[in-house]
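Structure first, commentary second.
The values are calculated or read from the model by the stated rules, or taken from the named source; none is laboratory data. Only a predicted model underlies this, so the values are computations on that prediction, with no experimental measurement involved. Glycine also receives a Cβ, built like all others from the backbone with ideal geometry; neighbour counts cover every protein chain displayed.
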Amino acid sequence: MKRKILNEKKINIILERLSNEILENHFETKNSVLIGIQPRGIELCKRLYHNLKKLNKDVQMGKLDISFYRDDFRRSDKIITPSNMDLNISLENKNVILVDDVLFTGRTVRSAFEALLSFGRPKKIELLAFVDRRFCRELPIQADYVGIEVDTLENEKVFVKFSQTEKSVYLAS
């Protein structure tokens, strides 16, 4: 069973709010970097980047592939091929905003922290999650910026869809 919990209009409102929250904490954005976690954090990161650019804010953006940093990397028989990583900037002494679509167990974020350190030592790392599945955390990780909190059972899934034809968030069991 699949149930839509956010439509395009509500998603756009949430993206505007998140952009403004970033500006509240990073008024001077030239030392700030938005980094989307591959694959699904990228589209969200792009939308936030464009919102900030519309407000004449100078911010950098990158894509982070965490494939080889995952703790389940060697447990699968499936061959993992890295995604296109675009992070041609030093993170040394930067304010990093790590962007992902769904915060679930916290393991993806833990892997992203480890991967980030390969690009320098940031001054600060913050986490932006479009959907926070609050009660399923396995690691003590919480987001600094949250689009929406969704209470789910462990066997349920949350899908964030950003395509040319549809922007929605679904809950499936």
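Within region 13-28, can you find the residues that are closer than 14 Å to K57 by Cβ and in a helix (DSSP H, G or I)? Passing the criteria: E16, L18, S19, N20, E21, I22, L23, E24, N25.
Selection of first residues in region 155-173 that are of a type in the set (S, T, Y) and of second residues that are assigned to a strand (DSSP E or B), restricted to Cβ pairs under 6 Å at least 6 apart or on distinct chains, gives the following pairs, ordered by first then second residue: S168/K4; S168/K161; Y170/K2; Y170/K4; Y170/F159. Taking residues in region 119-133 that are modelled with pLDDT of 95 or more, and partners anywhere that are charged (D, E, K, R) and in a strand (DSSP E or B), the pairs with Cβ atoms closer than 7 Å and at least 6 places apart or on different chains are A129/D100; F130/D101; V131/D101; D132/E149. Checking each residue in region 1-53 for being small (G, A, S) and within 23 Å of V150 (Cβ to Cβ) picks out S19, G36, G41. Looking for something out of contact with any strand residue (DSSP E or B) (no Cβ under 7 Å at 6 or more places or on another chain), touching a residue at least 40 places away in the same chain (Cβ under 8 Å) and among the polar types (S, T, N, Q) - is there at least one such residue anywhere in region 138-145? No, because not a single residue in region 138-145 is out of contact with any strand residue (DSSP E or B) (no Cβ under 7 Å at 6 or more places or on another chain), touching a residue at least 40 places away in the same chain (Cβ under 8 Å) and among the polar types (S, T, N, Q). Residue count for region 26-57 satisfying the condition of being of a type in the set (K, R) and in contact with a strand residue (DSSP E or B) (Cβ under 8 Å, 6 or more places away or on another chain): 3.
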